[in-house]
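Working notes for the structure below.
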Amino acid sequence: MRRGIFWEIVALILTIGVIGVVAFPLLDNYLVPEKNERDTVFIRAYVKEAGGFQPDVIRVKKGEKVKIVVESMDVTHGFAVKGLGIDLGMIEPGEKKVIEFVADKEGVYVFRCTVMCSPMHNFMKGTIVVIGE
Amino acid sequence: MSEIRRMLIFVILLMMGFGSFLLPSVSAHVVSEKDWLNDPHDHGDAKIVYLKAYQFGFSIKAIQEGSQLEVFPEGSEPSILKVDKGDRVVFRIISEDVTHGFYIDGYSPSPVDQKIVIQPGKIVEVGPITFDRSGKFKIRCSVTCGPLHPFMVGDIRVNPNFGYYSYAAGSLLAGILTLAYLRRGPVNRMLGISLEKEVDLLRVRGIGPILKRILQWRGFHFAVIWPGLLIFAVVIVAGFVGNPVGNKNFSIAVVWILWFALVEFMILFAGRSWCTVCPLPALGEWIARRRLYGVHRIRKWFTFGLKWPGSLNNMWLGSLLFLTMSLIIPWLVTRPVVSGLLFVILISVGTILYITHPPRNFCRSICPAGAYIGHDSNASIYSVRSRDKGICDLHKAKECIRGSPEGYGCPWRLYPGGHDENTYCGQCYECLKSCPLDNMTVKIRMIGKDLAHMAVKAKNRFDEAWMSFIRFTLGIFYILVFFGPYAWIKDWGNMGVNFGANLASIGLLVPGIEGVVNWFRWAIMVAGVSLVVYPAIFYAFSWISKKVAKAEEDTKRIFLAFSYGLIPYIVFIWVAFAVAILLVFWVYPITAFSDPLGWGWNLLGFKFKWDPIHPQSLPYVLSSLAILGMALSINSTYNIAREMFKDHSRAYRATSVMALLHVVSAIVFVWVVAG
Ligand code: SF4
Ligand SMILES: [Cu+2]
Ligand SMILES: [Cu+2]
């Protein structure tokens, strides 16, 4: 009997543990903006209808080094910032492309998707805001 | 200062947002038809095929031979390219919408080594490719381009298509050979193997005792359900918050590729083993028992204990739910959120019903997976049976029904000692634990052992007959739809929606009016073929076979009985489908374990690129499986007829008529995959 109860408890704990496994990605989902506080910015690209670039406003400090990681989530996208001379070319789904740069002029720079990705492709863009001290 | 700057930024952003709405919609990327159809290069004697890729298919705009350009009018562009063996072909490809890829089974290099990408606004030239092997080869998209990307295919037929002709002839030959074999009147045999022989798996030397200890171990059920629970928890989470594109998402890749295919193999080799592992009703079962592991207070359920209505004691609800799922299958197998919702619903209903109406009534009558798995597994080589029915009859205590301190009474409401069909046996192995006389075991037998006596008993089992028809027609139909070149059928079923979706973007799935209208066409087509057309043909053949056999039984009875003969056929057709899915899409489930949400993780340290395994031989592998199923089916029909008519010559004549139908079905199948 005792032994039986012991195993019941083990099984119960294991079952409840499943909830932990499930909670982990959910937490991570909401932790992503946090990560962006540091010097690396993660951008996930979805077709515009599903949200476009997330996040689509990025703040960086003038003169600081920034690293941007762009990942395509659904179909092939692109990433280019004309004002900063950045063009990452095509980014296939599941692929990540990384760019590091130092923004030395204050201002608002627009980044866009460069690959025709959906009917609302032309609206798929975001801004990098370079702020001075 | 900073305040003003913020204002400024705000205004700029606002203007940009506004400005974008004033922009004209997409146009800049489209290649003009003139540029496309004017090939500046000289390709010698090669044919030039002007191919366009779109969500979700390929079609041919024009074919050029020498200076002759044949342009197909808008709306009737073929999606099957017919060439002769030895032809040299140059493909000039554009994309009409988003970025696609291009890959030909067996003719282009592996997409891992060299991926051909078709970007909108650009013309890509591939070739010349010399088609020096005849047969049917598929063009596939190799760049994830949306939810139905995995099914974006076109066909190339290299004539003369000897493979197709010989497999079509092979179906006929196999039918004739089976009939020739049956002519000798083999009693209770299946393609030469006796149906009386059974292997008592738990008494096999070596593995038998080990297996027995495992199956009788109290913790066994929990130990196999728990991983399933974990996987399905991930499925639901991934379905809700994971990547909206199906093939990047655990919920789709693991359920509709890995799970689906494994279940088909399990049905053949291990009966309802899925239901042993299934976590869907497990929570309810644990709550009802107040135990996850042990046996507790038998017959006093921690439940409402309501009685299950007798009118639901059949397969109607399950099979109609299976058909309903089939009607939304283009969404179900490509949209993570739809799968996530489905499993939330199944788990909730399964749990609640276990508490209100214990024990496994949900599994018996409602679960759509349970319905087809149970039905098909009657053609399994695997069965849980009593060793000796005589012992059971004499043993009055019947612990297998009532339960004992070692195990629960059968939660599936069967009499395990006496049952002789797999339909409602969920293989939970409680009877192996509760039987004090060690009379329950696992038996391995030849495919189709139980079909004859089931069929003869089936006086009014329309539910199981229609389950057969639904499964049989849909098996062939799905191969045609998902692996066929007809983009319009996919589009109908898909309601013309080109987006994937998780919970956050579920709004994208709202279809347009035209999409809904087309979906109704699709639904009528699917339901019509499986519920009406094929059953009507089957009825006609049953009627003819009654006439030919001069049988006294009425047509209805013959019709219902012969429908059981389809079961081995069904199993092999779906196994064929599963083989195709695994060989083409094996990367998706494996990668999904490393990156379940499609967020770019790499938990297990590996990720693979899409690379089908020898896809050029699929038509022949699939055809062979279907032909084997056909032969088994003809033999089953004979066994059923023999049991029913108790006479060889009548049974043989009736079987010959049904064999004709089965051979025609096999030829249709061969045409679908190889023709
Ligand atoms: S019938 Fe359905 S819910 Fe029940 S065990 Fe089988 S698959 Fe799971
Ligand atoms: Cu884009
Ligand atoms: Cu594509």
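Bear in mind that the values in this text are calculations on the coordinates, not laboratory data. Please read these numbers as outputs of a predicted model, since none were measured by experiment. When we count neighbours, we look across all protein chains shown, and the Cβ atoms used for this are built from the backbone with ideal geometry, even at glycine.
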Subject >> Exposure proxy order (Cβ contacts within 10 Å, fewest to most) of A:47, B:663 >> reply: B:663, A:47
Original post:
List the lysines whose alpha-carbon lies under 29 Å from that of residue A:67, not counting same-chain residues fewer than 8 positions away?
Top reply: A:35, A:48, A:82, A:96, A:97, A:105, A:125, B:115, B:248, B:607, B:609
**OP:** Take segment B:415-454, compute every pairwise Cα distance, and split them into 5 Å bins from 0; I just need the percent in each bin.
**Re:** 5, 19, 31, 24, 14, 7, 0
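Quick check: net charge around residue B:337, other residues with Cβ under 15 Å of its Cβ, Lys/Arg +1 and Asp/Glu -1? Intermediate results must be reported in sequence, preceding the final value.
On the way: positive: B:248, B:335; negative: A:49, A:74.
My count for the surroundings of residue B:337 gives 0.
For the pair residue B:325 and residue B:269, what calculated FRET efficiency results from E = 1/(1 + (r/R0)^6), where r is the Cβ-Cβ distance and R0 = 22 Å, to the nearest 0.05? Walk me through the intermediate numbers first.
Details: r = 24 Å, r/R0 = 1.11.
So the FRET efficiency works out to roughly 0.35.
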Original post:
So which cysteines in chain B don't have a second cysteine's C-beta under 4.7 Å from them?
Top reply: B:141, B:145, B:275, B:278, B:363, B:367, B:392, B:410, B:425, B:428, B:435
**OP:** Give the value in nm², to one decimal: projected area of the alpha carbon convex hull of the protein assembly as shown, averaged over all directions.
**Re:** 40.1
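Could you give the longest part of chain B that holds none of the GluC sites (Glu not before Pro) found in DSSP loops with at most 14 neighbouring Cβ atoms within 10 Å?
Numbers: sites that count: B:74, B:196, B:552.
In chain B, the maximal stretch lacking such sites is B:197-551.
In the neighborhood of residue B:361, defined by Cβ-to-Cβ distances under 14 Å, what is the net charge if each Lys or Arg adds +1 and each Asp or Glu adds -1?
Numbers: positive: B:307, B:360, B:364, B:413; negative: B:285.
So the environment of residue B:361 carries a net charge of +3.
When a footprinting reagent is the concern and you count Cβ atoms within 10 Å, what order do B:393, B:42, B:491, B:376 take, fewest first? List each step's numbers first, then the result.
Working: B:393 11, B:42 6, B:491 21, B:376 26.
If I rank by nearby Cβ atoms, fewest first, I get B:42, B:393, B:491, B:376.
Can you give the relative contact order of chain B as a percent, counting alpha carbon pairs under 8 Å and 6+ residues apart? The partial results should precede the final answer.
Numbers: 1293 pairs, mean separation 110.8, N = 675.
Computed over chain B, the figure is 16 percent.
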**OP:** Would you mind counting up the charge near residue B:377? Only other residues with Cβ under 15 Å from its Cβ, with Lys and Arg at +1 and Asp and Glu at -1.
**Re:** +1
Original post:
Where in chain B are the DSSP H helices whose C-alpha atoms run 20 Å or more along the long axis and whose mean Kyte hydropathy is at least 1.6?
Top reply: B:220-241, B:336-356, B:567-585
Subject >> Unit Cα scatterers, Debye sum, segment A:34-131: log10 I(q)/I(0) for q = 0.10 Å⁻¹ >> reply: -0.23
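Per residue Cα convex hull volume for chain B, in cubic angstrom?
Values: hull volume 138.3 nm³, N = 675.
Here the figure is 205 Å³ per residue.
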Original post:
What order do you get for B:325, B:315 when you list them from fewest to most C-beta neighbours inside 10 Å?
Top reply: B:325, B:315
